[in-house]
Amino acid sequence: MKLEKFYSLVNTVVILMLLILPRMAESRISSSTKHLDRYLNLKFKEKKLKPSPQTQDEVFLRRVYLDLTGKIPTTDEILAFKNGGRNKRTRKISELLNSDAYLDYWSDIWTSWLIGQEQNNQRDIQEGLQTWVRAQLTNNTPYDEFVLRLINATGDTRQNGASYYIRHYNASPIDLTDHISRLFLGLPMHCVQCHDHKTEAWYQEDYYNMAAFLTNVKSKGIYQNDVNGNRRIVGYDIVDEHEGSISIPGESKHSQPILLDGTKYNGPQKKKREVLAKWITDKKNPYFSQAIVNRVWTQLMGKGFVEPLDGFGEENPPSHPKLLNWLAEDFRIHGYDMNYLMKTILNTDAYQRSSQTNKNNKNDEDFYSHAYLKPLTAKQFFNSMLQATGFERQQKRRNRGRLESMKRDYMRRFLYLLDNGEMEEIEAFNGTVPQALMMINGPLVNDSADHDERGSYLSYILKKKRTVADRVSEIYLTVLSRRPTTKEVRYFDQYIQKSLYRNKNLAYEDLYWSLLNSAEFSLNY
């Protein structure tokens, strides 16, 4: 009997903890969010700025969907959010951070940060690394552990997806040093390969001393015979060997493994990479937390504390050093929890402000008194266009089995034709919708605007809605994620009456494509 009471007590405690812990976590996020807003509110008073009000629900929803899933919401999602009740914004943020769409989109963002945009000859690396990154995001792996696993990655790339990171740079100490210092520390070390930095306290010697920690890592091909008996590479093995050295170009003396803080390493050669990784992710390393906080803040807010992202130093001082330091420390204290960091930022008044300025804050470019306009990235534009044109719905009817492969093929062609020759993701789509449709060999998408095409998205809307006002409202919700104003409905009503079209449905095609081709569609505001 006593044992039954004990188990009953344990069950009660477990249930209470399951109820209390999420509330405690939300409370911590709320506290951090309020602290962040208090800091900016004090700045508004100091600079005599009048902040813009909270943005409307429909605009917030579109913004957070673009930032977390890379595409605009559906009309059903917009209508459901309208009736979401209290705290619906906070709940929506949590919901999206646990969605497959978020995992897909942000694993793609992280893969681009790690190895650049997709190259046709490295598709296996891209897909292998992205699969690994997605698993880390699914488990919300602490950021310090995430980086440790990448830098220390060993073994068969087919078994350990993190090894694709090392493989992409061909285990080159120079290339790895360049990327590790830029992404994980935010330091402008690239030019130090060739000469001392002209404005920062980094010397060529520092660069090669850091590279010396990576000279033992090797990438070795794994071969197997194919069906015809020919030996082919099927993967790569990342290993640490006993020997490896590097020298400053033109010098015979080998560089010694010395950390950027001046600490010399004299231990086992095969442990060098592990030592470097531990120093980079060490809680005492000020650059580590600040670099990722600044990067995520920039991604969500449209403007960073430090710009460029890999420009930490005296030449580019933070616009808000105290806020950056506090946010980085708060991130560290909470276990490098990426979801916590994103919730902290997304729940702020700063993130949820309107982009519409007033006379007082229209010139503010530093204090986040209004939301900053962000052009859609090429991938956001592409995915939102597919959403707005009902591409997935249309193709599920035609060829459900090939839907995902078709989307990937179109995306590759789209990005290839927009390629600027750089490894980084193309930041914004600067073309027009007709160009975009032409780029992806348009009939599959173009058909969606044909009112007479069976199964087209516009045809679906015209059959679903019978009045002019309802049809216009549905088209606006589908394309711009908002309801039209009374003025916009009235204007279209006049347009359809005065048009010379015998078939008035053609006027809806004009509206549909004019909205897709509008500046409002191509901006995250």
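Data overview
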item: Residue selected from the stretch 351-404 under the condition of a type in the set (Asp, Glu) and modelled with pLDDT under 90, by the criterion nearest to residue 44 (Cα to Cα); result: 392
item: Residue among 63, 89 that alone is surrounded by fewer than 21 Cβ atoms within 10 Å (Cβ to Cβ), out of contact with any Asp or Glu (no Cβ under 6 Å at 6 or more places or on another chain), under 26 Å from residue 520 (Cβ atoms) and at pLDDT 95 or above; result: 89
item: Qualifying residues in the stretch 115-136 (those that are surrounded by 20 or more Cβ atoms within 10 Å (Cβ to Cβ) and touching a helix residue (DSSP H, G or I) at 6+ places or on another chain (Cβ under 6 Å)) - the one modelled with the lowest pLDDT; result: 118
item: When residues of the stretch 276-333 are limited to those that are of a type in the set (D, E, K, R) and assigned to a helix (DSSP H, G or I), the one farthest from residue 147 (Cα to Cα); result: 322
item: Any hit, the stretch 233-253, residues being part of a strand (DSSP E or B), assigned by TED's automatic domain parsing to the domain that holds residue 214, more than 16 Å from residue 211 (Cβ to Cβ) and free of Cβ contacts under 8 Å to residues at least 24 places away in the same chain; result: yes
item: Hey, residue 181 surrounded by fewer than 17 Cβ atoms within 10 Å (Cβ to Cβ), in the same structural domain as residue 281 (by TED's automatic domain parsing), touching a residue at least 12 places away in the same chain (Cβ under 8 Å) and in contact with a His (Cβ under 9 Å, 6 or more places away or on another chain) or not; result: no
item: Unique match (being part of a helix (DSSP H, G or I) and either crowded, with 17+ Cβ neighbours inside 10 Å or outside the structural domain of residue 200 (by TED's automatic domain parsing) (or both)) among 367, 382; result: 382
item: Considering residues of the stretch 290-320 that are in contact (Cβ under 8 Å) with a residue 24 or more places away in the chain and charged (D, E, K, R) only, the residue surrounded by the fewest Cβ atoms within 10 Å (Cβ to Cβ); result: 314
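Yes or no, residue by residue, for (1) among the charged types (D, E, K, R); (2) closer than 19 Å to residue 501 by Cβ; (3) at pLDDT below 95; (4) out of contact with any strand residue (DSSP E or B) (no Cβ under 7 Å at 6 or more places or on another chain):
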{"residue": "438", "(1), (2), (3), (4)": "no, no, yes, yes"}
{"residue": "452", "(1), (2), (3), (4)": "yes, yes, yes, yes"}
{"residue": "455", "(1), (2), (3), (4)": "no, no, yes, yes"}
{"residue": "460", "(1), (2), (3), (4)": "no, no, yes, yes"}
{"residue": "463", "(1), (2), (3), (4)": "yes, yes, yes, yes"}
{"residue": "468", "(1), (2), (3), (4)": "no, yes, yes, yes"}
{"residue": "480", "(1), (2), (3), (4)": "no, no, no, yes"}
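The values are calculated or read from the model by the stated rules, or taken from the named source; none is laboratory data. Not measured: the values here are computed from a predicted model. Using ideal geometry, Cβ is built from the backbone for each residue, glycine included, and neighbour counts are taken over all protein chains shown.
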